[in-house]
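Note sheet for the following structure.
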Amino acid sequence: MLKNYEQIFDKFCYYTNSIYFCYLKLIEFRKNMEIICVEAGPIMTNCYILADYNNSTAIIVDVAFESADALFEILNKENLRLEGVILTHSHWDHSGDAKLIYDKTGAEIMIHKEDEYRLLNPNEHVVFEIPWKLESIKPHRYLKHLDKLTFGDNEFEVRHTPGHTEGSISLINHKEKQVFAGDTLFNSSIGRTDLPGGSYEKLIRSISEQLMILPDDYQVFPGHGPKTTIGFEKQYNPFLINDLQM
Ligand SMILES: [Zn+2]
Ligand SMILES: [Zn+2]
């Protein structure tokens, strides 16, 4: 169980009103794994701490620019040792604090090879001008389609879901029926495909062939906005109703 929850919440409510746009947004209590969502950074990115309290360890899915303070605060308060950082893709709003977090914790940074180039030269691949410098980092491990990652009592399956970017991935925990979808699939929407490396056809194919084949009761935790389920998106997502060839 989360300890000192109210203290943490107060702190990040404060951040909400500051330039960091950073607050503790959602807590999911699970038997084997607890999900702590920190919505952080200028583009309100969801960073997910997946906490394994049995082993006092955690991994994080996506580390937004300006998310590190909030993430460290929670890891410290909860006495969780960070074992790894999985990036769903390399846009800076999902990877901007990777170098900082690696330097402080030594946790491996993992990403699909096809999205590595933006991590290596982040400032050359911003799509609009930003008033700060991004730090580059060489990832420590490449994630491939159908890789299985074991952390504590949980196993995560990697699905390569290109379309928003070349190397976008989704991460699936079949035991807990959870999907971490990055910017591939949102609640009632889909990721942008007009940025460099994007493809509408590929995105629809990825969602159709890799995500919509999952059972309806799988929960989807997207890179922005509220969570959803596979069943809800099958029925109501306006982009999928027209394009899905089910
Ligand atoms: Zn993105
Ligand atoms: Zn994003």
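The values are calculated or read from the model by the stated rules, or taken from the named source; none is laboratory data. Predicted model, so just to flag it, every value in this text is computed and none were measured. All Cβ positions, even for glycine, are placed from backbone atoms using ideal geometry, and neighbour counts span all protein chains on display.
A single entry from ALA70, ALA98 fulfils the requirement of being surrounded by 21 or more Cβ atoms within 10 Å (Cβ to Cβ) and within 16 Å of ligand 2 (Cβ to nearest atom): ALA98. Looking across SER170, SER188, one residue alone is under 25 Å from ASP93 (Cα atoms), within 16 Å of ligand 1 (Cβ to nearest atom), modelled with pLDDT of 95 or more and of a type in the set (Ser, Thr, Tyr). It is SER170.
Selection of the stretch 92-113 for residues being closer than 20 Å to PRO162 by Cα and assigned to a helix (DSSP H, G or I) yields TRP92, ASP93, HIS94, SER95, LYS113. Take the conditions (1) modelled with pLDDT of 95 or more; (2) away from ligand 1 (no atom under 14 Å from the Cβ); (3) under 27 Å from ASP52 (Cβ atoms); (4) hydrophobic (A, V, I, L, M, F, W, C); PHE151 misses just one of them, which is (1).
Restricting attention to the stretch 34-57 and to residues that are within 23 Å of THR150 (Cβ to Cβ) and without any contact (Cβ under 8 Å) to a residue 60 or more places away in the chain, the residue that is nearest to ligand 1 (Cβ to nearest atom) turns out to be CYS47.
Residues in the stretch 116-126 that are surrounded by 14 or more Cβ atoms within 10 Å (Cβ to Cβ) and either in contact (Cβ under 8 Å) with a residue 60 or more places away in the chain or out of contact with any strand residue (DSSP E or B) (no Cβ under 8 Å at 6 or more places or on another chain) (or both): TYR117, ARG118, PRO122, HIS125.
For the stretch 114-126, enumerate the residues that are outside any helix (DSSP H, G or I) and away from ligand 1 (no atom under 13 Å from the Cβ). Scanning the stretch 114-126 gives a single hit, ASN121. Within the stretch 203-232, restricting attention to residues that are farther than 14 Å from LYS177 by Cβ and in contact with a strand residue (DSSP E or B) (Cβ under 7 Å, 6 or more places away or on another chain), the residue that is nearest to ligand 1 (Cβ to nearest atom) is GLY223.
Got a sec? Which strands (runs of 3 or more DSSP E) wholly within the stretch 127-246 have at least 2 residues that are surrounded by fewer than 21 Cβ atoms within 10 Å (Cβ to Cβ)? Counting at least 2 such residues, we get 148-151, 154-160. Tell me, yes or no, whether the stretch 119-127 has at least one residue that is closer than 23 Å to PRO162 by Cα and charged (D, E, K, R). Looking for residues that are closer than 23 Å to PRO162 by Cα and charged (D, E, K, R), one finds at least one in the stretch 119-127, hence yes. Inspection of the stretch 74-89 identifies at least one residue that is among the polar types (S, T, N, Q) and closer than 19 Å to ILE172 by Cβ.
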